[in-house]
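Enquirer: Before anything else, here's the structure in question.
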Amino acid sequence: MFKLKDVKYKDILDIKNLKISKNKITCIVGESGSGKTTLLSLLNKLISSDSGEIIYNDKPLMSIDSIELRREVVMLPQIPAIFEGSIKDNLLIGLKFSQKPFVSDDKLSKVLDAVKLDKDMNEAAEKLSVGEKQRLALGRIMLLEPEVYLLDEPSSSLDEETEEMIIKKLVEHTKVNNKSLIMVTHSKKIAENFADNIVEVREGKIFSGGGARDE
Amino acid sequence: MNNIVNLNILQLASAYIFVLIVLLIVKVRGISREKEIIISTIRMTLQLVLTGYILVYVFDNINPLVTILIIAIMEIFAINNIYKRTKKKLSQKIKKIIAASMILGTLASLLYFLLVVIRISPWYNPRYFIPIAGMIIGNSMTGISLGVTRLVDGMYDQKHIIESALMLGAAPKMASKKVVDNAFDSAILPTINSMVGMGIVFLPGMMTGQILSGISPIAAIEYQIAIMLGILGSVSLTIILFVQLGYKTFFNEESQLILKEYQLKR
Ligand SMILES: Nc1ncnc2c1ncn2[C@@H]1O[C@H](COP(=O)(O)OP(=O)(O)OP(=O)(O)O)[C@@H](O)[C@H]1O
Ligand SMILES: [Mg+2]
């Protein structure tokens, strides 16, 4: 699905070769500062590489409109963004931004369930705890039903039990709907339990995995 | 209007006693501001005297080219002042947009005001053109300065929110809407607020001047109302032009937020 060749970004990333397969769970691991977030940001064109080529579904990323791409390949940032307004507003704003039709409150409740957020959706989102905000942001992008999820440490502020439950739901959801999931994680356990492929980033270079197993 | 008090030189000189009082106060208190006070007093005096003579000449020798030249000087001065007032370094692109918005916004309002509302003739009559242009350009300058600062700061402060919106598939326009609206709002707010206090808290300079020179207060007030509306129109027009064009300079053609050009001035 994604193929990277000789991709360089400043002196942060230098990727000779990397393949990320479709319909798989790919975990990206590596030390803090190794370039994981930078790698994800390249995949949805939040930044552009200085040289090299990134291919998405056989098309060079350069030839795809950034906004179109980001509506298909949606990224969850490491620090969740909370917009003004209620929990409901925060769920719907993703649909608004990507110009998709709004959904019923019923559907919103289901998503809140999926991310284990047991709150009144008319409550102000700003009041939520850090972990709750993280789950809300996750729920927001689940509503968008993207082709590819780019998740930057989606569970860093959660306890192990909640983390496990939510990631499991997400992985199931991805598999059932034939989507793809690329997830940065610090947790060895998550990577080992759920990943089809593990990509390790070390000082901006790719060290293992690389999707060699499939495709 | 035969009892207007014309100041003679001696009377005017006696007003400088105020400066002497201030100088005495700062001296006694040990605040070292004497130099600034003296320099600014001299500058104020010289600049006004010079302007007075220039205006006398311009009013006596009415010429469209001279009027246009003076307006051009005012615009250049105002635009440069906006560049200087912002603490962040501005990109070339945004500087051009500031200049274009100022020129288009103020000239459109100014011409409408002079030719449709007041209907001066000839159209370049400097007695009206110059002071009214001064007020319109000056107020628009203050407004746009605020707008620039708010827009640049907003893009920085809200970087995370804007980028998060982009990640959710928002077009740059939507991702930065809050920042843009906020910049517009805070830029026109002082103008709106000054309208509220008008006539009660203070008599505006133009009106005061007219009343002192013997015009009936009612006539002066009519002018003041018209000019306030003209200022409001010009301020809003220049700022909406600026923010609508300006936000685009923060994004590249790949719809990525770019802030590196806007570093702090040294
Ligand atoms: N816009 C930028 N300009 C310059 N350097 C940057 C920029 N963004 C990130 N970096 C640097 O690039 C390196 C990699 O950053 P990145 O955020 O990709 O790391 P990471 O692997 O996600 O780390 P963490 O696990 O702490 O989130 C870091 O040293 C960081 O300081
Ligand atoms: Mg990171």
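The values are calculated or read from the model by the stated rules, or taken from the named source; none is laboratory data. Note that this is a predicted model, so its numbers are computed, not measured. Every residue, glycine among them, receives a Cβ derived from its backbone with ideal geometry; neighbour counts consider all protein chains shown.
Enquirer: Quick check on this structure: which one of A:LEU91, A:LEU108 is buried (at least 22 other Cβ atoms within 10 Å of the Cβ) and touching a residue at least 12 places away in the same chain (Cβ under 8 Å)?
Expert: Step by step, each of A:LEU91, A:LEU108 is checked, and only A:LEU91 is buried (at least 22 other Cβ atoms within 10 Å of the Cβ) and touching a residue at least 12 places away in the same chain (Cβ under 8 Å).
Enquirer: Would you call A:SER98 of a type in the set (S, T, N, Q), within 16 Å of ligand 1 (Cβ to nearest atom) and within 29 Å of A:GLY35 (Cβ to Cβ)?
Expert: So A:SER98 fails the test.
Per-residue answers, yes or no, for (1) exposed (fewer than 14 other Cβ atoms within 10 Å of the Cβ); (2) among the acidic types (Asp, Glu); (3) over 17 Å from the mean Cα position of the chain (by Cα); (4) in a loop (DSSP other than H, G, I, E, B):
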residue: A:GLU145; (1), (2), (3), (4): yes, yes, no, yes
residue: A:SER155; (1), (2), (3), (4): no, no, no, yes
residue: A:GLU163; (1), (2), (3), (4): no, yes, no, no
residue: A:LYS189; (1), (2), (3), (4): yes, no, yes, no
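Enquirer: Would you mention how many residues in the range A:1-35 are β-branched (Val, Ile, Thr) and either within 14 Å of chain B (Cβ to nearest Cβ) or within 12 Å of ligand 1 (Cβ to nearest atom) (or both)?
Expert: Qualifying residue count, the range A:1-35: 3.
Enquirer: Restricting to the range A:36-47, count the residues that are among the basic types (Lys, Arg) and either touching a Cys at 6+ places or on another chain (Cβ under 9 Å) or within 11 Å of another protein chain (Cβ to nearest Cβ) (or both).
Expert: 1
Enquirer: Out of all the residues in the range A:196-205, is one or more among the small types (Gly, Ala, Ser), within 13 Å of ligand 1 (Cβ to nearest atom) and either more than 14 Å from chain B (Cβ to nearest Cβ) or outside any loop (DSSP other than H, G, I, E, B) (or both)?
Expert: Yes: the range A:196-205 contains one or more residues that are among the small types (Gly, Ala, Ser), within 13 Å of ligand 1 (Cβ to nearest atom) and either more than 14 Å from chain B (Cβ to nearest Cβ) or outside any loop (DSSP other than H, G, I, E, B) (or both).
Enquirer: Within the range B:151-171, count every residue that is within 16 Å of A:MET75 (Cα to Cα) and in a helix (DSSP H, G or I).
Expert: Residues flagged as within 16 Å of A:MET75 (Cα to Cα) and in a helix (DSSP H, G or I) within the range B:151-171 amount to 9.
Enquirer: Test B:SER164 against the criterion of being in contact with a Phe, Trp or Tyr (Cβ under 6 Å, 6 or more places away or on another chain) and modelled with pLDDT of 95 or more, and give yes or no.
Expert: So B:SER164 fails the test.
Enquirer: Oh, and also: Of everything in the range B:162-177, what is within 7 Å of chain A (Cβ to nearest Cβ), free of Cβ contacts under 8 Å to residues at least 60 places away in the same chain and out of contact with any helix residue (DSSP H, G or I) (no Cβ under 7 Å at 6 or more places or on another chain)? Give them in sequence order.
Expert: Across the range B:162-177, the qualifying residue is only B:SER164.
Enquirer: Where residues in the range A:48-77 are of a type in the set (S, T, N, Q) and either within 10 Å of chain B (Cβ to nearest Cβ) or touching a Pro at 6+ places or on another chain (Cβ under 9 Å) (or both), which of them is nearest to ligand 2 (Cβ to nearest atom)?
Expert: A:SER48
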